[in-house]
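Input: a single structure, listed below in structure tokens.
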Amino acid sequence: VEKMIQSVDRMTRIIRGLKSYSRDGRKDDKQIFNLNQLLGDIIEMSHEKCQKNGIKMIQKGLSPEILIEGRETEIGQVIVNLFNNAFDAVKGSHEPWIAIELEEDQDHWLLQFKDSGPGVPADILGKIFDPFFTTKEVGKGTGLGLSLCLSFVKDHGGTLEYDNTQESTCFKMTLPKVKKSVLL
């Protein structure tokens, strides 16, 4: 009975997550939310997909309370898009992995999305955030994912960039921490 209850709870979280991330959140008011909960839902939603494809999921530095002020739906869409891009890049490769790493400084949270894929070639690096630019075959992508992600993150006062100094593929997203005065 306990395992059944856990399974039902897990399915409920996955369905809630899918429902939340698939809708348009542009008109939502910005609110304080826990980014860790959002990441947990997305990782749980993605875990089985990775497991079926032999992709190792790595999480580093995730902390219980990562408070962000923003539109949870938009940030969720950014995370899902970056995860899906990483998944597509490593699927079918030798020893594939995807890592989500969190660091912080005084004012910002830094989320790094790394994977064992081939990385972004230097000749297209300047175009990856352009609307309608895609490296995927016809019918597999619109070329809007990264440009929308960049727009959402900038609207939240953050940054999104590709880090070509890393050994692995790495996208870095910063989001401002919630000011203590807002919490009081």
Expected field for Lys56, accessible surface area in Å² at 1.4 Å probe radius, rounded to 10, holds 130 Å²
Too long for a 27 Å Cα-Cα cut-off, among Lys56/Lys172; Lys127/Lys172; Lys60/Lys91; Lys52/Lys154; Lys49/Lys114, are Lys52/Lys154
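Using a 1.4 angstrom probe on the protein heavy atoms only, line up Met173, Met4 by accessible area, largest first.
Values: Met173 0, Met4 135 Å².
Of Met173, Met4, the descending order of accessible area is Met4, Met173.
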Simple spin-label estimate for Asp29/Gln51, 7 Å along Cα→Cβ, in nm, reads 4.0 nm
From most to least accessible, 1.4 Å probe, no ligand or DNA/RNA atoms counted, His47, His108 line up as His47, His108
Length-normalised contact order of region 22-171, Cα under 8 Å, at least 6 apart, in percent, tallies to 22 percent
Note to self: with every protein chain in place and a 1.4 Å probe, region 64-127 gives an accessible area per residue in Å² of 47 Å²
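Using a 1.4 angstrom probe on the protein heavy atoms only, line up Thr135, Thr169, Thr174 by accessible area, largest first. Working shown, then result.
Values: Thr135 105, Thr169 10, Thr174 30 Å².
Ranked from most to least accessible, the order is Thr135, Thr174, Thr169.
The values are calculated or read from the model by the stated rules, or taken from the named source; none is laboratory data. Keep in mind that what you see is a predicted model, and the values were worked out from it rather than measured. In this analysis, Cβ positions are derived from the backbone assuming ideal geometry, glycine residues included, and neighbour counts consider all displayed protein chains. Accessible surface areas use protein heavy atoms only, side chains included; no ligands, DNA or RNA. Shrake-Rupley method; radii C 1.70, N 1.55, O 1.52, S 1.80 Å.
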